[in-house]
Every structure is written in C-alpha cells, then in structure tokens.
1. Looking at (1) touching a strand residue (DSSP E or B) at 6+ places or on another chain (Cβ under 7 Å); (2) in a loop (DSSP other than H, G, I, E, B); (3) loosely packed, with under 15 Cβ neighbours inside 10 Å, which one does Asp161 not meet, given that it meets all the others?
2. Give His200, His228 a once-over and let me know the one that is of a type outside the set (Phe, Trp, Tyr), surrounded by 18 or more Cβ atoms within 10 Å (Cβ to Cβ) and closer than 30 Å to Thr153 by Cβ.
3. When residues of region 164-202 are filtered for being in contact with a strand residue (DSSP E or B) (Cβ under 9 Å, 6 or more places away or on another chain) and either of a type in the set (Lys, Arg) or in a helix (DSSP H, G or I) (or both), how many remain?
4. Which of (1) over 25 Å from Val37 (Cα atoms); (2) touching a helix residue (DSSP H, G or I) at 6+ places or on another chain (Cβ under 7 Å); (3) not in a helix (DSSP H, G or I) is the odd one out, the single condition Pro220 does not satisfy?
5. Just checking, which of Thr35, Thr2 is over 12 Å from the mean Cα position of the chain (by Cα) and modelled with pLDDT of 95 or more?
6. Name the one entry in Ala148, Ala167 that is out of contact with any Asp or Glu (no Cβ under 8 Å at 6 or more places or on another chain), aliphatic (A, V, I, L, M) and modelled with pLDDT of 95 or more.
7. State all residues of region 139-171 that are among the aliphatic types (A, V, I, L, M), in contact (Cβ under 8 Å) with a residue 60 or more places away in the chain and under 21 Å from Asp214 (Cα atoms); if no residue qualifies, say none.
8. How many residues are more than 19 Å from Arg75 (Cα to Cα), in contact (Cβ under 8 Å) with a residue 12 or more places away in the chain and in contact with a strand residue (DSSP E or B) (Cβ under 9 Å, 6 or more places away or on another chain) if we restrict to region 40-58?
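The values are calculated or read from the model by the stated rules, or taken from the named source; none is laboratory data. In this text the structure is predicted, and so the values were computed from the model without any measurement. Using ideal geometry, Cβ is built from the backbone for each residue, glycine included, and neighbour counts are taken over all protein chains shown.
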Amino acid sequence: MTCHLRVLGCSGGIGADLRTTSLLLNDHILIDAGTGVGDLSLDELRKIDQVFLTHSHLDHICSLPLMADAVGGSRDKPLKVYGIYETIHALQEHIFNNVIWPDFTKIPDAKNPFISLHLIEVNEPLKLGKITITALPVDHSIAANAYAISSTTGTLVFSGDTGVSDAFWKAVNQQKQLKHLIIETSFLDQEEVLAVISGHLCPSLLMSELDKLDPKACHPEMQIWVCHLKPDGGDAIMQEIDHHANTLAIKPQKLTRGTILSL
C-alpha cells in the first residue's frame, strides 16, 4: 500500500506564507494540528478521522479546537485524538476546559462527543488498516514524542520537536526501510545555548545527531528533511546545515509546505 504524506505546515512560526506543523496522511490522518490545517476545505476537514499529536505546545495543537467547532456537528463519529498522557492531560486541563474553549469531549453529550481523546504509549505500535503508527521517545522542553509511520513499502519518521536524544535514535535505528526522516532544526549555531535550553536543535547539533543514524535501517533512496525552521532565520539555518553537510552521505533538504512524500 502506498502512503502519501502531505505537508500542510512545517515552520517554527507564522508570517507570510508560513504555517506551523501539520502533516496529512492519506487524507484522513493528521499528524499535529498547527496552523496549516486552516488551509483545508470543510470537506477535507470532515475526512480526517484521527489526529496524532507530538506534544501540547500551541504551534502543534492550535487548529484542533477550531476543527472541532468547524466540522464536529457535520460528522457522524467523534474525531479521535491520540497522544501520550501529558499531551492528553494538557488538552483536558488547558484547552477543552470551557474557559479557553468549549469541552468538545462532552458536546453535544458525553456519549456522542465531537472529539474523543485516546492515550498512546511510547514504542507501542498502533495498527490502522495497513498503516502502523508508533510513538517514539524524544527529549523536548516538555513531554513529547516522535512518530514512525510504517506501511508495507517503507517507513517515515517525524521527530516533532526534540533536542539531543539517544533514545530517539535507538528507536529510529530499529525501523525497517526508513525512506524519510523529518527532523527539526530551530536555531542557528550561535544560538546553541538557547536550543539546548528549549529542547531544540541547531545545525551543529543536528550533524552530531545524524551521526547516530544506522545506515542499516535506511532505504537505499532515503531522504532527510529539515523542519521547524524559525521564520526569521530559516534561510540562514539551512545555509549552516549545507556548510556542515559536506561529509554526509545524505544531504538534508528543507521541507516546505505543499510537499508530498510517498512511502
């Protein structure tokens, strides 16, 4: 089965034509719910049945409550939202709390809500038809996870937000036929201290992390994509990555909105 991942947003911020993190898998599965979701039509929003969140930071969840309001009443079943305990708890306490937003996990009633929340565990695969989605460990400023998306033809790993993490690479290296690695880099090398404090990467840290990738896990045509670039420094970050990447077998490329990746 061929899987298609459509990049709705992949920026570390907004401005001009930039959208924050949201990836649409085969039209009905959403990975994170950043501002890129807002470009979808109502019919496209209605087709989404599952949302997998990497963590609860606003740039990754901001469109979720708006989706519930926009199409919840015209769907015939709840929108299933998946995340680790800390992410789900944050949604319950700080978003769907009838203060910031109505509690759509109980609207119109608890038996037939617009949204249902589901806990996932790191390193435990969840099979959805012929696709398997597995949460992987990362190291961010709050509890977070990456995702491995696997089909019969290959695997895509999306880091979400992460800093230096040996556990992440151990999990990545256990994947089979890794075709795409989407990994964040949010700061310039001169901002390395800020990157470490905030649980992100800069180009030099990215290079050190990529050294941990086992070639045996990789598909012969594997590609590495860089996401979560800050709006006011994205081009400069990519220039630094290009400078560092001369010795790499696989040169990282900038991920852009509208890109479609196939597995």
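1. The number of the failed condition is (3).
2. Working: His200 fails: closer than 30 Å to Thr153 by Cβ.
Result: His228 is the single residue among His200, His228 that is of a type outside the set (Phe, Trp, Tyr), surrounded by 18 or more Cβ atoms within 10 Å (Cβ to Cβ) and closer than 30 Å to Thr153 by Cβ.
3. Within region 164-202, residues that are in contact with a strand residue (DSSP E or B) (Cβ under 9 Å, 6 or more places away or on another chain) and either of a type in the set (Lys, Arg) or in a helix (DSSP H, G or I) (or both) number 7.
4. (2)
5. Working: Thr2 fails: modelled with pLDDT of 95 or more.
Matching residue, one of Thr35, Thr2: Thr35.
6. Numbers: Ala167 fails: out of contact with any Asp or Glu (no Cβ under 8 Å at 6 or more places or on another chain).
The match here is Ala148.
7. Residues of region 139-171 among the aliphatic types (A, V, I, L, M): 142-144, 146, 148-149, 156-157, 164, 167, 171.
After this cut, where a residue has to be in contact (Cβ under 8 Å) with a residue 60 or more places away in the chain as well, the list is 142-144, 146, 149, 156.
Of everything in region 139-171, those that are among the aliphatic types (A, V, I, L, M), in contact (Cβ under 8 Å) with a residue 60 or more places away in the chain and under 21 Å from Asp214 (Cα atoms) turn out to be Ala146, Ile149, Leu156.
8. We begin by selecting, within region 40-58, every residue more than 19 Å from Arg75 (Cα to Cα); these are 53-58.
Okay, now just the ones that are also in contact (Cβ under 8 Å) with a residue 12 or more places away in the chain, so 53-57.
Now narrow it down to the ones that are in contact with a strand residue (DSSP E or B) (Cβ under 9 Å, 6 or more places away or on another chain): 53-56.
Final tally of qualifying residues: 4.
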